[in-house]
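Here is the structure we will look at.
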Amino acid sequence: MENRWVVKEEADKQVVERLGKELSISPQLTNLLVQRGVTTYEEAKSFFRPSLDELPDPFLMKDMDKAVKRILQAIDNNESIMIYGDYDVDGTTAVSLVYSFLKNIHKKIEFYIPDRYLEGYGISCKGIDTAYEHGVKLIIALDCGIKAIDKVNYATDKGIDFIIGDHHRPGDRIPSAVAVLDPKRSDCLYPFKDLSGAGVGFKLVQALTRKLELPDKKAFGSLDLLAISIAADIVPITGENRILAYFGLKQINKSPRPGVYSILKSSGFERIAENGTSKTVFTREITISDLVFVVSPRINAAGRIKDATDSVRLLISSHDDYAEKLGGEINILNTTRRDLDTSITQEAIDIINASEELKKKKTTVLFKEEWHKGVIGIVASRLIEHFYKPTIVLTLSDGLVTGSARSVKDFDIYDAIDSCSHLLAHFGGHTYAAGLAMKPENLDLFLKEFEAYAEKHLTEEMLVPEIEIDEELYFSDINTKFYRILKQFAPFGPGNMSPLFVSHHLIDTGYAKAVGKNGDPRHLKFEAVHRAHSGNPLKAIAFNMGEHYDKMKQGKAFSLCYHLDENNWQGNTSLQLRVKDIRFEE
């Protein structure tokens, strides 16, 4: 699939020159900073050295005072409290975070994660009934509930109060709960709007900590869980999220909780003694990418294949042996999840390739009632990688056609689904990811209306994958100091992506080779240099680009789009280019 290369406009040269002098860094690095909205020395200091002191006051959030008052009332009255959360990574980390904090100050507390298959997304009547049977008087819902108007009323009729802590877009009405915490409420003045579900839970914990006059470390003890939720839910890693992710990653690398360590250990991450001391460190630094691609899928696997309750048990565990046992079981579930994901994705690809009608459409919407509900969101993401269209994958669950939606850049799939809401039993989500359910008899009309909305709002250009490049570099710009400062731009993620560079008029120095496992040469390793001169050659790895081997060996010039990375091999560390795309010059 051909990609569009779009190079960002250079930042204001006067600002770049001034800031570069103040920071004593190169114009290329300064340009990256200014592109990210960092224009003064103080902003740069905050960017490179985040501080927990910069976090906004939690009581700025609408209804926070009411939520804290009701929780303290429950504690004073020795009432039972249930922490209720969604079954995905954001939901389970949110529940683990709030449960762990409250368990230390109140004994009558339990948690509840709905069954993905029997109850579906969000607050369920079964969950409320379970709370009632257990004598619960207060439910704290996290990462869900902002549209649960009927369910909150159902709980009220049973004498159960609700506090909702959500981060999804509200509907036209707000549930009649004791408190509704959601920075996306139109009447909420909280300054940062892009918290994860666990982020909202953290603000609740932070507020309780202050009200109870406890040490700040009581609130900050679960920043590792918060970093995982931020990574998994793909919220912007800017502002408050960047501070939280920064310190959460530090906690994971320095002293991971038993559950997180068990996941990392089962995934091949090892800890070794540092410089002969008793202190242990990971053999390489854990990054946001590791949380996205290694930790999160395993936490998710329990809810996708079996029961997300196990994910919470793992994350709140304080015992190494129990966490290792549970982590091993979840790792097995993840293998099952991966096999299902692979087989259903291939089946979906085959269906599309066999249908000229599907190929012509601007969207991909597929339904098969046997598909496993737990992996259809992953399958939707995989299909976008292949066909790059807004995608919904649907299956049959509890009598409803239920699905997960994923989108392409600049197309708001939440709005697209909302335009068909009259056909749906329920839906919810974000700009680029959503979930929905409908009666089977509404499916055909939904397909037509969803495609019609896309026809109206999608341009042909939006259906070509875009690679947004930060700036052009010459290899002479790249050295160890440049990379050392570049690493301090992390943690990377939406809003602060790992910088992507482009270099033109390159040739291979003669070392190109196609490599891969089991004799399958799908990857390309080479050493590039500017064609005009042979100074400063750089090694490069291009995954799944082995087809370019012949052109490269023929000495054809090319342009590279790449991230700057490190290669560690047999104790030696060197800079390398991690190639995103290659274009050969005619």
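The values are calculated or read from the model by the stated rules, or taken from the named source; none is laboratory data. Being a predicted model, the structure only gives us computed values, none of them experimental. So basically every Cβ, Gly included, is an ideal-geometry build from the backbone, and we count neighbours across all protein chains shown. Side chains included, ligands, DNA and RNA excluded: accessible areas come from the protein's heavy atoms. Shrake-Rupley method; radii C 1.70, N 1.55, O 1.52, S 1.80 Å.
Once the Kirkwood radius over Cα pairs is known for the chain, the Stokes-Einstein relation at 20 °C and 1.002 mPa s delivers a diffusion coefficient of 83 µm²/s.
Assuming R0 = 25 Å, what is the FRET efficiency of Asp339 and His563, from their Cβ-Cβ distance, to the nearest 0.05? List each step's numbers first, then the result.
Numbers: r = 30 Å, r/R0 = 1.20.
FRET efficiency, Asp339 to His563: 0.25.
Within the range 1-117, the ratio Rg/Rh, alpha carbon atoms throughout and Rh by Kirkwood, equals 1.23. Computed over the range 312-380, the convex hull of the alpha-carbon atoms projects to a mean area of 5.9 nm².
Starting from the Kirkwood Rh over alpha-carbon pairs, what translational D in µm² s⁻¹ does the range 459-546 have by Stokes-Einstein at 10 °C and 1.306 mPa s? Translational diffusion coefficient: 103 µm²/s.
Considering only Leu340, Leu564, Ile140, and ranking their Cα positions along the charge dipole of the chain that arises from unit charges at the beta-carbon of Lys, Arg, Asp and Glu, the one farthest toward the positive end is Leu564. If the chain linking Lys158 and Leu463 were pulled fully straight, counting 0.36 nm for each residue of separation and taking away their Cα-Cα distance, it would gain 104.8 nm. Computed on the Cα atoms alone, the convex hull of the range 369-501 gives a volume of 135 cubic angstrom per residue. Taking other residues whose beta carbon is less than 9 angstrom from the beta carbon of Val464, and scoring Lys, Arg as +1 and Asp, Glu as -1, yields -3. Scattering from the range 248-305 was approximated by placing one identical point on each alpha carbon and applying the Debye formula without solvent; log10 I(q)/I(0) at 0.22 1/Å stands at -0.87. Per residue, the chain exposes an accessible area of 46 Å² to a 1.4 Å probe, with every protein chain left in place.
Note on the range 433-481: semi-axes of the ellipsoid equivalent to its C-alpha gyration tensor, largest first and rounded to whole Å, are 45, 15, 6. Near the amide H of Asn496, within less than 5 Å, lie the amide hydrogens of Ile237, all on another chain or at least 5 residues away, with H placed in the peptide plane.
Tell me the carbon and sulfur percent of the accessible area for the range 39-163, rounded to whole percent, probe radius 1.4 Å.
48 percent
The packing ranking, built from the mean of other Cβ atoms within 10 Å per residue, places the peptides 431-438, 339-346 in the order 431-438, 339-346, highest first.
Ratio of Rg to Rh for the range 207-251: 1.03 [Cα atoms; Kirkwood radius as inverse mean 1/r over pairs]. Each principal axis of the range 305-345 carries a Cα extent, and these read 37, 16, 11 Å when sorted largest first. Only alpha carbons enter this Debye calculation for the range 93-247, each as an equal point scatterer, and the log10 of I(q)/I(0) it gives at q = 0.12, 0.15, 0.21 Å⁻¹ is -0.51, -0.81, -1.48.
Annotation for the range 51-71 versus the range 184-239: alpha-carbon center distance of 9 Å. Under a model in which nothing but the beta-carbon of Lys, Arg (+1) and Asp, Glu (-1) is charged, the range 322-462 shows a dipole of about 160 debye around its Cα centre.
Over the residues of the range 130-169, compute the C-alpha Rg and express it relative to 2.2 N^0.38 Å.
Details: Rg = 10.2 Å, N = 40, 2.2 N^0.38 = 8.9 Å.
That works out to 1.14 for the range 130-169.
At q = 0.10, 0.13, 0.17, 0.24 Å⁻¹, what log₁₀ I(q)/I(0) does a Debye calculation on the Cα points of the range 218-321 give, no solvent, two decimals? Computed log10 I(q)/I(0) values: -0.28, -0.47, -0.80, -1.43. A straight line joining the Cα centroids of the range 360-380 and the range 78-96 runs 28 Å. Positive end of the dipole of the range 165-260 (Cβ unit charges, origin at the Cα centre): among Gly165, Pro258, Cys188, the Cα lying farthest that way belongs to Pro258. Full extension of the segment from Arg284 to Glu22, taken as 0.36 nm per residue of separation minus the current Cα-Cα distance, would add 91.1 nm. Between amide H atoms placed 1.01 Å from N, distances below 5 Å from Phe111 occur with Ile83, all of them 5 or more places distant or on a separate chain.
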